[in-house]
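In what follows, a structure is listed as structure tokens, so that the remarks can point back to it.
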Amino acid sequence: MSMIDHAFIDTYASVAGDPDRLPKGYEADMGLWELLDGLLLDLHLIRHGYATAGYEKHIAAELKRLCADASVIDRIKDLRM
């Protein structure tokens with residue numbers, strides 16, 4: 001599986017997270033797309049106090065595992081979709 005990088009986030013943000021809005025013929029890794037959707041939801045829950053400290057640690061580890069580098073993690077944390 002590929003990693004989430006800035007180019008992937010650019011594509012994701014350009015269609016506001018809606019893969020149906022991707023240009024015809026554009027191939028996106030839908031598995032990675034769904035992972036990013038889930039991470040954004042998890043981060044939303046964490047920001048609003050709906051997650052335990054243990055779950056926050058789990059999500060931090062997932063971000064490290066799935067993202068190309070720390071700048072990508074920061075960018076994901078700043079996304080509001």
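Each reported figure results from applying straightforward, stated rules to the coordinates on display, with no laboratory input. Quantities reported herein were computed from a predicted structural model and do not represent experimental measurements. Every residue, glycine among them, receives a Cβ derived from its backbone with ideal geometry; neighbour counts consider all protein chains shown.
Quick check: residue separation of ASP74 and LEU35 times 0.36 nm, minus the Cα distance between them. What number comes out in nm?
Full extension of this stretch gives 12.4 nm more.
Would you calculate a helix-derived [θ] at 222 nm for the chain, using -39,500 (n - 2.57) for each DSSP H run of n ≥ 4 and dividing by the full residue count, to the nearest 500?
Roughly -19500 deg cm²/dmol at 222 nm, from the helical runs in the chain.
Extension gain GLU62-LEU22, at 0.36 nm per residue separation less the Cα-Cα distance, in nm?
11.8 nm
Taking every pair of alpha-carbon atoms in the chain, what share in percent sits in each 5 Å bin, from 0 to the bin with the longest distance?
Going from the shortest bin to the longest, the percentages are 3, 14, 28, 25, 17, 9, 3, 1, 0.
Given the options ILE76, LEU41, TYR55, identify the residue whose Cα lies farthest towards the positive end of the charge dipole of the chain (+1 on Cβ of Lys, Arg; -1 on Cβ of Asp, Glu).
TYR55
Helix hunt in the chain: which complete DSSP H runs extend at least 24 Å axially by C-alpha with mean Kyte-Doolittle at least 0.0?
30-47
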